[in-house]
Amino acid sequence: MKPRITIVDYRIGNLGSIENMLKKLELNYCLGQTPGDIKKSEILILPGVGAFDQGIMNLHKFGLIDPLNEQILHKKTPILGLCLGMHLMTKGSEEGEKRGLGWFDTKAVRFQTDEKKRLKVPHMGWNDVNIREYDHLFRQGEDEHCYYFVHTYYVPIFNEALVLGTTWYGIEFASVIYKDNIFGVQFHPEKSHHFGMRLFRNFCQWACRA
Amino acid sequence: MKNRGLVKTIHFNNETYIGDPMNTIRIFNEKGVDELMLLNIDSNRFENQIDFGFLRELASECFMPLAYGGGIQRLSDIETIINLGIEKVVMNSALEENEDLLSLAAKAFGSQALIAALDIKKDWLGRFVATTHSGRQKSMFSPQKLAKRFERLGAGELLINDIDRDGTMQGYNLKLVNQIAMATDIPVIACGGAGTLEHIKQVIEDAKASAAGAGSLFVYHGQQKGILVNYPSRTTLKRLFEP
């Protein structure tokens with residue numbers, strides 16, 4: 001029996017693309033909108049497009065913070081945070097004033113616009129991820145790791161041991177972080193066609209083994 | 001796209017039927033296309049003609065970034081499109097008629113979701129003019145002024161549609177693209193004229209576009225322009241931009 005993925009639905013951004021890809025992969029999923037849904041979850045995805053404070057406020061509003069902490073920190077349920085979802089897992093962001101979930105001891109910071117190199121912010125488009133460690137989200141022997149990014153804030157390389165992958169955009173930043181059962185990616189696997197499908201598949205496989 | 005069919009134009013006219021959009025999206029998924037832009041060219045002649053049902057079907061099969069343009073009139077249209085799982089909208093005519101639409105949309109959805117299109121052609125004196133309504137009306141602004149205005153109002157990207165080069169496969173108008181790329185700080189997508197990968201390299205490296213779009217190049221094959229949906233491999237594209 002396939003485990004069920006719960007997509008945390010805290011009414012921010014849209015979940016259409018993630019649902020479309022999970023359907024294509026024939027993965028079993030449901031939306032997690034209430035504390036009860038989170039408590040029943042086996043594998044979690046924390047999506048997110050939008051502003052940091054709004055994200056945290058919505059998690060509060062729907063009463064999801066305590067059940068998420070319980071599920072992730074005590075029951076060790078595997079979770080994958082996408083983009084803003086990854087930022088919410090840290091202690092905060094320069095984008096807002098609210099406190100994050102604090103699962104990672106770092107904060108998201110803003111890209112500095114560099115006039116000379118003319119790097120455009122937001123960082124938008126396809127970019128490479130340099131993998132530092134395999135076996136969780138990535139596998140040895142996979143040819144390329146290229147993903148679609150859209151973001152203005154990034155997570156710095158705060159702790160070498162917890163960074164699974166890095167990306168270069170004027171500066172090298174942490175594009176994939178992890179700690180035990182918690183994973184965060186800066187990019188959008190749901191918009192990165194076969195690269196993204198492979199990542200979701202790998203995550204689910206790992207989660208089932210764990 | 002027109003009447004749920006995929007068409008390719010020349011100078012925004014002379015439509016040639018290419019095929020079924022769903023099937024083409026599936027092929028582009030397989031080929032690993034970077035981004036897809038779907039422009040509906042019959043929708044802006046009537047009001048309320050956005051085919052949301054069909055867009056929903058297309059979005060559910062598209063696993064790469066997708067932008068939609070054509071017939072967008074109001075904020076609620078953008079909201080509906082984004083909720084279908086389409087992350088960017090392309091606007092042109094509506095921005096001329098409704099001054100606030102862009103800034104309100106930027107506030108509501110963020111600039112990263114908004115592409116403002118500049119449909120440009122030369123007038124009889126050879127000057128570049130910006131147009132609306134699929135090239136049928138002249139904008140009240142010059143291309144550069146319009147580009148700056150879109151940027152100021154909150155567009156995240158600019159799409160340059162060169163009507164004179166559309167479908168010709170003779171190469172981008174590098175001068176036009178460069179003028180607009182230099183006038184603004186947001187990414188410029190060049191479109192109109194791509195016939196070879198070398199053209200793409202030129203528009204990125206010489207004209208300083210941030211992205212290159214193409215229609216004919218990716219749906220036609222050979223001198224006879226036989227219909228064959230195609231896309232260069234990642235290796236080919238990487239090699240193209242190696243110094």
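The values are calculated or read from the model by the stated rules, or taken from the named source; none is laboratory data. None of these values were measured; they are calculated from a predicted model. Virtual Cβ from ideal backbone geometry, glycine too; neighbours counted across all protein chains shown. Only protein heavy atoms, including side chains, enter the accessible area calculation; ligands, DNA and RNA are left aside. Shrake-Rupley method; radii C 1.70, N 1.55, O 1.52, S 1.80 Å.
The accessible-area loss of the stretch A:117-156 on complex formation, taken against its chain alone with a 1.4 Å probe, reaches 40 Å² or more at A:118, A:120, A:124, A:126, A:144, A:148.
The heavy atoms of residue A:11 present about 110 square angstrom of accessible area, all protein chains included, probe 1.4 Å. Our summary gives chain A a relative contact order of 18 percent, counting only alpha carbon pairs under 8 angstrom and 6 or more residues apart. In chain A, the portion of solvent-accessible area held by carbon and sulfur atoms comes to 47 percent [1.4 Å probe, whole percent, DNA, RNA and ligands not counted].
Just reorder A:40, B:31 by solvent-accessible area, largest first, 1.4 Å probe, all chains present. Let's see the in-between values first.
Working: A:40 145, B:31 90 Å².
I get A:40, B:31, largest accessible area first.
Can you tell me the length gained on complete extension of the stretch residue B:175 to residue B:124, counting 0.36 nm per residue apart and subtracting the Cα distance?
Between residue B:175 and residue B:124, full extension yields an extra 16.6 nm.
Available extension along the chain between residue A:73 and residue A:194 is 40.4 nm, counting 0.36 nm per residue and deducting the alpha carbon span.
Assuming R0 = 30 Å, can you tell me the calculated FRET efficiency for the pair residue B:75 and residue B:23, based on Cβ-Cβ distance, to the nearest 0.05? Could the numbers behind the result be given before it?
Values: r = 32 Å, r/R0 = 1.08.
For R0 = 30 Å, the calculated efficiency reads 0.40.
Per-residue Karplus couplings for the stretch B:137-149, computed as 6.51 cos²θ - 1.76 cosθ + 1.60 with θ equal to phi - 60°, are listed in order as 10, 8, 6, 7, 10, 6, x, 5, 4, 5, 4, 5, 5 Hz, Gly and Pro entered as x. The convex hull of the Cα atoms of the protein assembly as shown, projected and averaged over all directions, covers 21.6 nm². Amide H contacts under 5 Å for residue B:70: B:40, B:90, restricted to partners 5 or more places along the chain or on a different chain, H placed in the peptide plane at 1.01 Å from N.
Dividing the mean sequence gap of close Cα pairs (under 8 Å, 6+ apart) by how many residues chain B holds gives a relative contact order of 15 percent. Rounded to the nearest whole Hz, the Karplus-based 3J(HN,Hα) values (6.51 cos²θ - 1.76 cosθ + 1.60, θ = phi - 60°) of the stretch B:5-19 follow the sequence x, 8, 10, 10, 9, 10, 6, 6, 9, 6, 5, 10, 6, 9, x, with x at glycine and proline. The magnitude of the dipole of the stretch A:5-209, with charges of +1 and -1 set on the Cβ of Lys/Arg and Asp/Glu and taken from the Cα centre, is near 240 debye.
Per residue, the Cα convex hull of the stretch A:113-201 amounts to 98 Å³. Rg over Rh for chain B works out to 0.93, both radii taken from alpha-carbon positions and Rh defined as the Kirkwood radius. Between residue B:201 and residue A:110, the C-beta separation translates, for a Förster distance of 25 Å, into a calculated FRET efficiency of about 0.20.
Using a probe of 1.4 angstrom and keeping all protein chains present, the accessible surface of chain B works out to 46 square angstrom per residue.
Nothing charged except the Cβ atoms of Lys and Arg (+1) and of Asp and Glu (-1): what's the magnitude of the dipole of the stretch B:58-215 about its Cα centre? Round to the nearest 20 debye. Kindly include the intermediate steps, with their values, before the conclusion.
Working: 16 positive and 19 negative charges, 95 e Å.
Its charge dipole is roughly 460 debye.
FRET efficiency for the pair residue A:143 and residue B:103, taken as 1/(1 + (r/R0)^6) with r the Cβ-Cβ distance and R0 = 60 Å, rounds to 0.90.
Divide by every residue of chain A the summed helix terms, -39500 (n - 2.57) for each DSSP H run of at least 4, and state the resulting mean residue ellipticity at 222 nm, rounded to the nearest 500 deg cm²/dmol. Numbers along the way, then the final one.
Values: 6 runs with 51 residues, N = 210.
Theoretical 222 nm ellipticity from helices: -6500 deg cm²/dmol.
What are the residues of the stretch A:1-43 that lose 50 Å² or more of accessible area, with a 1.4 Å probe, going from their chain alone to all protein chains? At a threshold of 50 Å² (probe 1.4 Å), the residues of the stretch A:1-43 that become less exposed are A:14, A:20.
When B and A come together, around 2000 square angstrom of accessible surface is lost from both chains combined, probe 1.4 Å.
Debye sum, Cα scatterers, chain A, no solvent: what log₁₀ I/I(0) at q = 0.10, 0.12, 0.18 1/Å? Evaluating at q = 0.10, 0.12, 0.18 Å⁻¹ gives log10 I(q)/I(0) of -0.38, -0.56, -1.36.
What percentage of the solvent-accessible surface of the stretch B:1-44, computed with a 1.4 Å probe over protein heavy atoms, is contributed by carbon and sulfur atoms?
On the way: 980 of 2180 Å².
Ligands and nucleic acids excluded, carbon and sulfur give 45 percent.
3J(HN,Hα) along the stretch A:187-201, derived from phi through the Karplus expression 6.51 cos²θ - 1.76 cosθ + 1.60 where θ = phi - 60°, amounts to 8, 10, x, 5, 10, 10, 4, 5, 5, x, 4, 4, 5, 4, 5 Hz, with x in place of Gly and Pro.
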